[in-house]
Amino acid sequence: MTAELVRGQNHPLSQSRLEIRISAGTPVAAAAALSDENGRIHGTEWVAHPGAPVQPGLEVSRQAAADHRLAVDLDAMTEAVHRVSVLLALPAANGGAGPARFGAVAAPFVAVTGLDGTEVASYTITGLDLESAVVALELYRRQGAWKVRAVGQGYAGGLAELFADQGLSEAAQLAAGIDEAVARGLARSVQAPPPRTSEGDRSRQATAPAVGPDQGAAPQGAPGPVPPAYGGQPAGGQGQGGPQPAYGGATGPHASAGGGPVDYSHPRRQTSAPPPPPPAAPPAQPGQPTRPVAGDATGWSMEERLYNQVWGMFEDLARTAAAYRSAVDFAESRMDKELEQALSDPRSRIGGQGDAVREAARARYTQLVDQARASLDRDVAQLVAESEVVEPALPPAFARWDNPCWHAYRVPMEIPMALRLGDLRLPEAESIRIPMLLRLPLERGLWIDSGRTDSLDGSFTDSHDMRRLAMDTAVAHAARLLAVYPAGEFTVHVVDPAGSGAQALAPLTQTGVLVGPPAQGAAGVTEVLARLTQRVDLVQMALRGGAPDALPPGFDTSQQLLIVNDFPHGFDDRAVNQLRYLVDEGPSVGVHLMMVADREESAGYGPLLDPLWRALLRLTPVPDDHLADPWVGHAWTYEPPAVPHGSEVLRTVLTQVAEARRTWNR
């Protein structure tokens, strides 16, 4: 039975290998500090945090997240360690965009579990207000046995004050290092889908979990309703209540023109009825798993079902790979411990007895790893089968460029909930690619990195080729954005100061989908940035004044994308500041940025540029393992969207977009 602790209460621990599961409701950074019998931290090397996540017997998450799993092996702790303190901190306390105090968010929940997922003790941290960092609980050694104590001690001064209170002289430096590591993690993290209500849970055949601690599946996020564009009307089209009944044609105050009662509900609001059931899976053969079906997740439409199904596959693969890695780590730790115990006697280190012990330990290690691999292979095979039926069913916004759905492409009438930016894969499962779907409208811009000079497959790419590939990738992303928005609802601007991207930009310029020719030279950069900055100011003033309809006549309310090539060439300090302003304030009013640049070349602007780089989602023109999932923090290999060689699909699609725009403007 789980012990539900209150502040100050303790509970004995009967296991040495544990997991500490944290659920905070908002992204938090998790750390763990090791201390002696007096509660003193001897140095920064005694703290496991996102910048240094592994210490002897301890591993924490590498990024800020709403859910964490910390691995603890008490037997692997050194004799000097008598206490393990679990720490939580809000990244926003030092300049982020989220909440700055725990009193503004739901109370964090912490649970200590065994490797089988059974809860040993749990603690809900209540009573926090201005605190931005907290010691959640501590595992401590008392008379040779370990116990857990609920602490809940908060610090308004953040991690710096917390570490100083623990007696660490380098408290400020360590807190700054953790902030830096968290910022790097946020810059490379794939954004999780928004939370949804309980009736929106994914109802698909879950894969069988591999042996290890990561067997449980956390609640799956899902899309929420897309808000109406600023300055426009809601989906009903005739004011906030939708179409209104005609007064004077009814025979009574609540009668329609036909004599029946008037239905005052919004004609497009479907909350009164449950979503249609997902497609039923065909019966499986005895002893075989259920055959997958495209769209078997819940949702109001097939698009939402497929979106939820793809995210479910992403989460399933992340967790089954985490279980496999945890099982392998456990097998290695167990083998090392068995060898250390068996060979601690010098008389057994040599001869036949020592060889027998080594062989037995290695055999047990191989058996555990083989079992974990078999579970992983079973799960991956099921995901591969699911991918084979899901991929052909994806709509154009979710599909690869080689999907036949593009041959029947028509400019859509509605904005999709997401679009595909590429594929993701893990080294343990090379046979499957998970579509990387990003919600629309974009919540942050993109940084297409042109600075890498090598790729994961060992092929060498020089700087010139990387710039060309980066620009080709940016054009493919822009083309997809133009293709998935209705005519006239997405506008693309290009800044190309030196004109070096002319060849790559040809599909955009020759089809006429750009709002104007690419801006060149310092004067062109200044003019485009000034126009977009003024646009952000106007929309913000209208929204703050509660008068979105007060924008100037003819104001373009479409989403705006600015593609910047060859940065920082042609940019002065004022232009860089305007870019920072667009990155920070633009997405909330429909202005987005896509940078094609090399971070090392841009480093000359120093600390002014670094936050800009972190605020954008970094993508690469070649496969690179730089992205992390929001659940367990795996390093996923990102593969950019590739247009088939010799294919005219890009120009064909953009030509239809340009023609639809001309028709819409008539």
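The figures follow:
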{"read-out": "Cβ-Cβ under 7 Å pairs, at least 6 apart or on other chains, region 397-420 side assigned to a helix (DSSP H, G or I) and crowded, with 17+ Cβ neighbours inside 10 Å, far side among the β-branched types (Val, Ile, Thr) and at pLDDT 90 or above", "value": "Trp406/Val649; Trp406/Val653"}
{"read-out": "Filter result (in a loop (DSSP other than H, G, I, E, B) and under 27 Å from the mean Cα position of the chain (by Cα)) within region 96-115", "value": "Gly96, Ala97, Gly98, Pro99, Ala100, Arg101, Val105, Ala106, Ala107, Pro108, Leu115"}
{"read-out": "All positions within region 50-70 that are assigned to a strand (DSSP E or B), surrounded by 20 or more Cβ atoms within 10 Å (Cβ to Cβ) and touching a helix residue (DSSP H, G or I) at 6+ places or on another chain (Cβ under 9 Å)", "value": "Gln55, Leu58, Ala65, Arg69"}
{"read-out": "Residue satisfying condition, being modelled with pLDDT under 95, out of contact with any strand residue (DSSP E or B) (no Cβ under 9 Å at 6 or more places or on another chain), farther than 22 Å from Asp598 by Cα and among the polar types (S, T, N, Q), within set Gln510, Gln503", "value": "Gln510"}
{"read-out": "Filter pass, Ser122 being more than 30 Å from Arg614 (Cα to Cα), in a strand (DSSP E or B) and either small (Gly, Ala, Ser) or touching a Cys at 6+ places or on another chain (Cβ under 9 Å) (or both)", "value": "yes"}
{"read-out": "Extreme residue, farthest from Val653 (Cα to Cα), among residues of region 487-519 that are in a loop (DSSP other than H, G, I, E, B) and open to solvent by less than 10 Å² (accessible area, probe 1.4 Å)", "value": "Asp496"}
{"read-out": "Failed criterion for Ala31 (all others in (1) surrounded by fewer than 16 Cβ atoms within 10 Å (Cβ to Cβ); (2) at pLDDT 85 or above hold)", "value": "(1)"}
{"read-out": "Region 630-654 - residue that is small (Gly, Ala, Ser) and more than 29 Å from the chain's Cα centre (by Cα) and, of those, least open to solvent (accessible area, probe 1.4 Å)", "value": "Ser647"}
{"read-out": "Test: Gly646 is on the phi > 0 side of the Ramachandran plot, outside any helix (DSSP H, G or I) and modelled with pLDDT of 85 or more", "value": "yes"}
{"read-out": "Selection status of Ser344, modelled with pLDDT under 85 and in contact with a strand residue (DSSP E or B) (Cβ under 9 Å, 6 or more places away or on another chain)", "value": "no"}
{"read-out": "Cross-chain or 6+ apart pairs with Cβ under 8 Å, region 361-383 first and touching a residue at least 40 places away in the same chain (Cβ under 8 Å) and in a helix (DSSP H, G or I), then open to solvent by less than 30 Å² (accessible area, probe 1.4 Å) and of a type in the set (Asp, Glu)", "value": "Asp379/Asp316; Leu383/Asp316"}
{"read-out": "Which listed residue, of Glu79, Glu45, Glu37, is assigned to a helix (DSSP H, G or I) and either over 19 Å from Gln15 (Cβ atoms) or under 25 Å from the mean Cα position of the chain (by Cα) (or both)", "value": "Glu45"}
{"read-out": "The one condition in (1) open to solvent by less than 10 Å² (accessible area, probe 1.4 Å); (2) in contact (Cβ under 8 Å) with a residue 60 or more places away in the chain; (3) part of a loop (DSSP other than H, G, I, E, B) that Met436 fails to fulfil", "value": "(3)"}
{"read-out": "Those residues of region 163-180 which are crowded, with 17+ Cβ neighbours inside 10 Å, in a loop (DSSP other than H, G, I, E, B) and not hydrophobic (A, V, I, L, M, F, W, C), in sequence order", "value": "Gln166"}
{"read-out": "Filter result for Gly114 (surrounded by fewer than 21 Cβ atoms within 10 Å (Cβ to Cβ) and in contact with a His (Cβ under 9 Å, 6 or more places away or on another chain))", "value": "no"}
{"read-out": "Residue count for region 139-156, restricted to those that are surrounded by fewer than 22 Cβ atoms within 10 Å (Cβ to Cβ) and touching a residue at least 24 places away in the same chain (Cβ under 8 Å)", "value": "9"}
{"read-out": "Restricting region 552-591 to residues that are in a strand (DSSP E or B) and β-branched (Val, Ile, Thr), the residue that is surrounded by the most Cβ atoms within 10 Å (Cβ to Cβ)", "value": "Val564"}
{"read-out": "Residue tally, condition surrounded by 18 or more Cβ atoms within 10 Å (Cβ to Cβ) and polar (S, T, N, Q), over region 71-92", "value": "1"}
{"read-out": "Scan of region 453-486 for residues that are crowded, with 20+ Cβ neighbours inside 10 Å, modelled with pLDDT under 90 and of a type in the set (D, E, K, R), ordered by number", "value": "Arg467"}
{"read-out": "Sole exception among (1) touching a Lys or Arg at 6+ places or on another chain (Cβ under 9 Å); (2) closer than 23 Å to Gly57 by Cβ; (3) surrounded by fewer than 20 Cβ atoms within 10 Å (Cβ to Cβ) for Leu130, by number", "value": "(2)"}
{"read-out": "Check on Ala160, under 31 Å from the mean Cα position of the chain (by Cα) and open to solvent by less than 10 Å² (accessible area, probe 1.4 Å)", "value": "no"}
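The values are calculated or read from the model by the stated rules, or taken from the named source; none is laboratory data. Fair warning: this is a prediction, and the values are worked out from it, not measured in the lab. Backbone-built Cβ (ideal geometry, glycine too); neighbour counts: all protein chains shown. Just so you know, the surface numbers come from the protein's heavy atoms only, side chains and all, with ligands and any DNA or RNA stripped out. Shrake-Rupley method; radii C 1.70, N 1.55, O 1.52, S 1.80 Å.
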